[in-house]
Amino acid sequence: MACDPYLAPVPAILGLHPYQPGKPIEELARELGLDHRAIVKLASNENPLGPSPKAIMAVKAVLGGDLARYPDGSGFVLKQKLAAKLGVKMEQITLGNGSNDVLDLVARAFLGPGRSAVFSQYAFAVYPIATQAVGATARLAPAWNYGHDLAAMLERVGDDTAVVFIANPNNPTGTWVKREELLEFLHALPQQVVVVVDEAYCEYIEFADYPNALEWLEAFPNLIVTRTFSKAYGLAGFRVGYAVSSSQVAEFLNRVRQPFNVNSLALVAATAALDDEEHLAASRELNRQGLLQLTEAFEVRGLKYIPGVGNFITVDVGREAGPVFSALLEHGVIVRPLANYDLPNHLRVSVGTEKDNARFIAALDRVLSDA
Ligand SMILES: *Cc1c(COP(=O)(O)O)cnc(C)c1O
């Protein structure tokens, strides 16, 4: 593309590509001339049950209030509730417009030219974007079996390294690091390096050796744990996430935070969602069954998949996945191709309702037998 000589973004921006989101339902419905209800979207790891009804009720109540006012920029009520639930102090929490926002705050507070961030091959695409956007260098560690190789990541840590990003589990591979491994890594990492443990999917995971990194905050002042209301809580459209860290790190993050980064509706929705344990349990159970449904279907068809946790599964379709993705679109099914992650034969499929999963499997059968 020819560049207007008068437009000069900082050099770091020139090497960036916008994050590729899943294709919106409305867009495909328009293209196919179908009703949006005819489309199955399993492309963005959203909760098929939707938000908690309690969250929706709370939001409706706010709509009758004074939305001409700015939100509470401190997020007091949500932070208070989170702090009590997580067993941390309110001042250890930083709220974000999605946890993506919090990842950006980490980059702005701790990265910049002359500094580097370490993350794994196949790691969540926001890490390289956040890193490069502030002019820092990305140091990529090769994956092991599609997952984070913490020893390789430790080797990549250099004198200029200020941040390490660990997605646990990782999106798009679903791979995860175990408690012992992660603890060993934290002990080995130089204390001045900030380590972000991104637990966007933690509410779904029930293995005994899956670590809750919050437990280590006292021991490791350089640790930041990020979580979100977008996945298991079903509030992706509201945009709320948070970081838990030492109070000092939280104070640094808050210095670069937009004063009103979480809107009034999102604050209320997230606060109410925390009260709905039943909805969370139902979401977890639907996900458990859906993962089984999808992985069994892959096994029956001899398709290899990455044995992951979370609310999605990444499958190797045994051929270039781009055309398979496009053909699935024609059947009204949206999944996620992963060529931009250097996984050209894989598709990431979010767990949907039983019916939506079945529609995906039927469409996949037709597409794979057509070719
Ligand atoms: C979805 C996701 C997030 C953040 O999503 P938000 O909607 O911005 O909270 C963060 N990390 C990983 C690994 C994710 O998959």
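The values are calculated or read from the model by the stated rules, or taken from the named source; none is laboratory data. Just so it is clear, the model here is predicted, and its values are computed rather than measured. Please note: Cβ atoms are built from the backbone with ideal geometry, for glycine as well, and neighbour counts cover all protein chains shown. What goes into the accessible areas is simple: the full protein's heavy atoms, side chains included, and nothing from ligands, DNA or RNA. Shrake-Rupley method; radii C 1.70, N 1.55, O 1.52, S 1.80 Å.
Multiplying the residue separation of R284 and E26 by 0.36 nm and removing their Cα-Cα distance gives an extension gain of 90.2 nm.
So what is log10(I(q)/I(0)) for segment 238-306 at q = 0.26 1/Å, when the Debye sum runs over its Cα atoms only? The Cα Debye sum returns log10 ratios of -1.12. For segment 219-371, the solvent-accessible area with a 1.4 angstrom probe is 40 square angstrom per residue. Each residue of segment 281-289 is assigned a 3J(HN,Hα), and the resulting list reads 5, 5, 5, 5, 5, 4, 5, 4, 5 Hz, derived from the Karplus form 6.51 cos²θ - 1.76 cosθ + 1.60 (θ = phi - 60°), x at Gly and Pro. Only beta bridges with both residues in segment 55-273 are counted; by DSSP, about 35 percent of them are antiparallel. Shape index of segment 32-93: Rg/Rh, with Rg the Cα radius of gyration and Rh the Kirkwood radius from the inverse mean 1/r over Cα pairs, equals 1.13.
Based on alpha-carbon atoms, the Kirkwood radius and the radius of gyration of the chain give Rg/Rh equal to 0.96.
With kT/(6 pi eta Rh) evaluated at 37 °C and eta = 0.692 mPa s, and Rh the Kirkwood radius from Cα pairs, segment 143-202 diffuses with a coefficient of 276 µm²/s according to Stokes-Einstein. Of all beta bridges DSSP finds with both residues in the chain, what is the antiparallel percent, to the nearest 5? The antiparallel fraction comes to roughly 50 percent. For V163, the amide hydrogen comes within under 5 Å of the amide hydrogens of S116, V118, V194, counting only partners 5 or more places away or on other chains and with H modelled in the peptide plane.
Give the shape of segment 26-169 as rounded, prolate or oblate, defined through the alpha-carbon gyration tensor: a ≥ b ≥ c are the square roots of its eigenvalues, a/c under 1.5 means rounded, and otherwise the shape is prolate if a/b is larger than b/c and oblate if not. It comes out oblate by the Cα gyration axes.
The mean sequence distance of close C-alpha pairs (under 8 Å, at least 6 residues apart), as a share of the length of the chain, puts its relative contact order at 23 percent.
Here the alpha carbons of segment 134-250 define both size measures, Rg and Dmax, at 14.2, 40 Å.
Remark: the Cα gyration tensor places segment 55-273 in the prolate category, a/c being 1.5 or greater and a/b exceeding b/c. If you bin all the Cα-Cα distances of segment 273-327 at 5 Å, starting from zero, the percentages per bin are 4, 16, 21, 19, 15, 9, 7, 6, 2. Sort segment 220-270 into rounded, prolate or oblate with this rule: let a ≥ b ≥ c be the square roots of the eigenvalues of the Cα gyration tensor; rounded if a/c is under 1.5, and if a/c is not under 1.5, prolate when a/b is larger than b/c, oblate otherwise. Since a/c reaches 1.5 but b/c is at least a/b, the shape of segment 220-270 is classed as oblate. Here's the picture: charge each Lys and Arg Cβ at +1 and each Asp and Glu Cβ at -1 in the chain, and of P190, V177, L67 the one pushed furthest to the positive end of that dipole is L67. Over segment 103-200, the reciprocal of the mean inverse Cα-Cα separation, the Kirkwood hydrodynamic radius, stands at 13.1 Å. Using only side-chain charges placed at the Cβ, +1 for Lys and Arg and -1 for Asp and Glu, the dipole size of segment 55-273 relative to its Cα centre rounds to 740 debye.
Length gained on full extension, K81 to A188: 35.2 nm, using 0.36 nm per residue less the C-alpha separation.
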